[in-house]
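A quick write-up on the structure given underneath.
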Amino acid sequence: MFITRFLPGLRVPVYVAAGVLHTGAWTFVGWFFLAALAWTPSIVWLSARFGEQMVAWLRHTEGMTWPALLIAGTVVFLIVRFGLPLSTYRGRRLLVSRWRRLTRWEFWPMWLFYVPVAVWIACLAVWHRGLSTITAANPGMPDGGLVGESKFDILAKLPQDAVIPSARIAPAAVDDRVSTLLAVADAKGWSLPFVLKPDVGQRGVGVRLVRRWDEVRAYLDAVTDAVLAQPYHPGPFEAGVFYYRTPSSPRGRIFSVTDKQFPVLVGDGRSTIEMLIWTHPRYRLQADTFAARHSEVLTHVLAQGERFPLAIAGNHCQGTTFRDGRRLITTELERRIDEIAQAYPGFFVGRFDIRYSDVDAFMAGLDLSVVELNGVTAESTNIYDPRGSLSAAYRVLFQQWSIIFAIGAANRRAGAATSSLGRLVGLVRAHLGRQVTGFGIGD
């Protein structure tokens with residue numbers, strides 16, 4: 001209301017909006033009166049004080065229409081882009097969070113962050129005679145696990161006592177898909193809740209925890225591609241274990257472990273879910289993601305001590321905090337991971353995403369359930385630890401890709417096939433064009 005007195009063209013839409021939003025009459029009149037008090041004396045005084053000088057200046061600069069319009073447009077843009085958000089609590093928080101995301105490299109866009117890595121990969125491709133070398137790193141995975149591989153097919157090749165049970169629900173009519181999952185659950189003794197996600201996916205897109213059968217139906221109706229269904233493992237812990245084994249070595253090694261910390265709000269009995277997100281020093285950096293995911297409950301007030309999980313997908317871009325988990329690496333854990341990996345024919349390098357319930361048992365190699373296994377394009381995700389530096393992250397990724405190319409080159413010399421460059425381009429284009437509809441990222 002106040003700003004409309006100073007920006008031409010805003011009065012009618014703001015007045016109409018005030019009516020639509022049922023703004024109180026006295027509120028409307030009060031702001032109108034304050035704006036008039038500021039606007040009328042100001043414009044009269046400015047006209048009396050600077051009117052003649054302004055007319056003279058306009059005559060002198062009447063050929064400078066476009067620069068004046070450009071300046072005016074810039075001023076309006078700055079007011080709308082920054083001035084209006086600064087007038088609200090949420091707007092101020094949003095501007096601060098965006099600035100902090102720019103200054104913290106872990107939140108940079110992937111295309112920007114990966115520029116130096118792409119240059120390093122190009123150098124490795126020249127040294128090892130082609131980018132397709134990486135597709136020989138895991139001969140047991142389609143294209144080495146580059147992109148587009150089936151999560152279900154990969155899990156089926158691992159020891160079943162080490163993985164979370166899963167089922168693939170093929171594309172079909174929604175009633176048939178629900179019936180298929182009902183039959184699988186009955187045969188395997190599964191009970192709700194389930195985790196549903198695309199069988200071919202990336203970075204946690206489309207992951208959904210469903211607690212009722214109507215939610216199952218809604219998901220299968222929205223996501224028409226093949227879906228992977230798993231009984232929910234409550235954790236509460238999850239780790240990303242990056243593993244590698246050179247073809248000439250009898251045993252593999254753990255390259256890194258990422259300790260994943262899921263975002264959870266704790267209620268204070270007064271604040272809404274949205275307020276708790278915006279006041280949290282880290283969660284507000286991904287407030288847009290959380291707000292879109294939980295839009296229906298943002299105004300709900302959590303009781304004192306009540307916990308509300310913001311994400312279940314163990315992905316950084318979905319809101320999970322990654323910590324360097326090197327403290328979790330033990331001889332026993334490395335031995336168990338190596339046993340699981342070597343049971344997969346033709347697998348040499350990639351990342352296991354693992355749920356577990358007890359830290360000590362996990363470190364002893366006794367408590368782990370593999371959620372999924374990713375191939376050559378998996379990251380050593382410990383680099384996203386907020387305490388780490390950008391240079392340290394690049395050192396890890398450079399070493400990781402050097403290992404992948406070396407393993408691929410060794411397997412190629414041993415007779416493993418490589419994919420053509422044309423096929424790789426086609427796979428990447430198909431992946432970029434694939435979209436999961438109906439649900440927000442990390443649902």
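Here is the figure for the range 302-320: residues that are of a type in the set (A, V, I, L, M), surrounded by 15 or more Cβ atoms within 10 Å (Cβ to Cβ) and either out of contact with any Gly (no Cβ under 7 Å at 6 or more places or on another chain) or at pLDDT 85 or above (or both) total 3.
Tell me whether the range 41-57 contains one or more residues that are more than 24 Å from T4 (Cα to Cα) and open to solvent by less than 80 Å² (accessible area, probe 1.4 Å). Yes, that holds for at least one residue.
Applying the criterion of being surrounded by fewer than 16 Cβ atoms within 10 Å (Cβ to Cβ) and of a type in the set (G, A, S) to the residues of the range 381-401, the residue that is farthest from D259 (Cα to Cα) is S391.
Only one entry in T258, T246 is of a type in the set (S, T, N, Q) and touching a Ser or Thr at 6+ places or on another chain (Cβ under 7 Å), namely T258. A Cβ distance below 9 Å, combined with a sequence gap of six or more or placement on separate chains, defines the contacts here; from the range 318-343, residues that are closer than 16 Å to D367 by Cβ reach residues that are assigned to a helix (DSSP H, G or I) and open to solvent by less than 10 Å² (accessible area, probe 1.4 Å) in the pairs L328/F362; L333/F362; R336/A162; E339/A162; I340/A162. All told, L21 falls short of being within 19 Å of S87 (Cβ to Cβ), open to solvent by 70 Å² or more (accessible area, probe 1.4 Å), more than 41 Å from the chain's Cα centre (by Cα) and not β-branched (V, I, T).
Restricting the search to the range 344-356, which residues are under 18 Å from T258 (Cβ atoms) and not aromatic (F, W, Y)? Step through it out loud before you land on a result.
Residues of the range 344-356 that are under 18 Å from T258 (Cβ atoms), as a first pass: 349-356.
The answer is V349, G350, R351, D353, I354, R355.
Just so you know, in the range 203-254 the residues that are open to solvent by 20 Å² or more (accessible area, probe 1.4 Å), assigned to a strand (DSSP E or B) and not hydrophobic (A, V, I, L, M, F, W, C) include one that is modelled with the lowest pLDDT, and it is R208. If you check D360, D367 for being part of a loop (DSSP other than H, G, I, E, B) and either touching a Lys or Arg at 6+ places or on another chain (Cβ under 6 Å) or surrounded by fewer than 20 Cβ atoms within 10 Å (Cβ to Cβ) (or both), only one passes: D367. Note on the range 257-301: among residues that are in contact with a helix residue (DSSP H, G or I) (Cβ under 7 Å, 6 or more places away or on another chain) and of a type in the set (D, E), the one that is modelled with the lowest pLDDT is E274. No other residue among W31, W99, W26, W111 is at pLDDT below 85, of a type in the set (F, W, Y) and in a helix (DSSP H, G or I) apart from W99.
Among the residues making up the range 321-344, those that are under 18 Å from L155 (Cβ atoms) and either open to solvent by 60 Å² or more (accessible area, probe 1.4 Å) or in contact with a Pro (Cβ under 8 Å, 6 or more places away or on another chain) (or both) are E339, I340, Q342, A343.
Give L78, L34, L102 a once-over and let me know the one that is open to solvent by 90 Å² or more (accessible area, probe 1.4 Å) and aliphatic (A, V, I, L, M). Step by step, each of L78, L34, L102 is checked, and only L102 is open to solvent by 90 Å² or more (accessible area, probe 1.4 Å) and aliphatic (A, V, I, L, M). Looking at the structure I just gave you, is D353 in contact with a Leu (Cβ under 9 Å, 6 or more places away or on another chain), touching a residue at least 24 places away in the same chain (Cβ under 8 Å) and closer than 30 Å to H233 by Cβ? Yes: the conditions hold for D353.
Residues in the range 129-186 that are of a type in the set (S, T, Y) and in contact with a helix residue (DSSP H, G or I) (Cβ under 7 Å, 6 or more places away or on another chain): S132, T133, T135, S166. Being of a type in the set (A, V, I, L, M, F, W, C) and at pLDDT 95 or above is true of L182. Of the residues screened, S191 is one that is touching a residue at least 40 places away in the same chain (Cβ under 8 Å), open to solvent by 60 Å² or more (accessible area, probe 1.4 Å) and out of contact with any His (no Cβ under 6 Å at 6 or more places or on another chain). Has the range 258-276 got any residue that is in a strand (DSSP E or B) and more than 30 Å from R90 (Cα to Cα)? Yes.
When the residues of the range 159-181 are filtered to those that are assigned to a helix (DSSP H, G or I) and in contact (Cβ under 8 Å) with a residue 24 or more places away in the chain, the one that is most open to solvent (accessible area, probe 1.4 Å) is V174.
The values are calculated or read from the model by the stated rules, or taken from the named source; none is laboratory data. Bear in mind that the values here come from a model prediction, so they are computed numbers and not experimental data. Note that we place each Cβ from the backbone using ideal geometry, even for glycine, and neighbour counts take in every protein chain shown. Side chains are part of the model used for accessible areas, which takes the heavy atoms of the whole protein and leaves out ligands, DNA and RNA. Shrake-Rupley method; radii C 1.70, N 1.55, O 1.52, S 1.80 Å.
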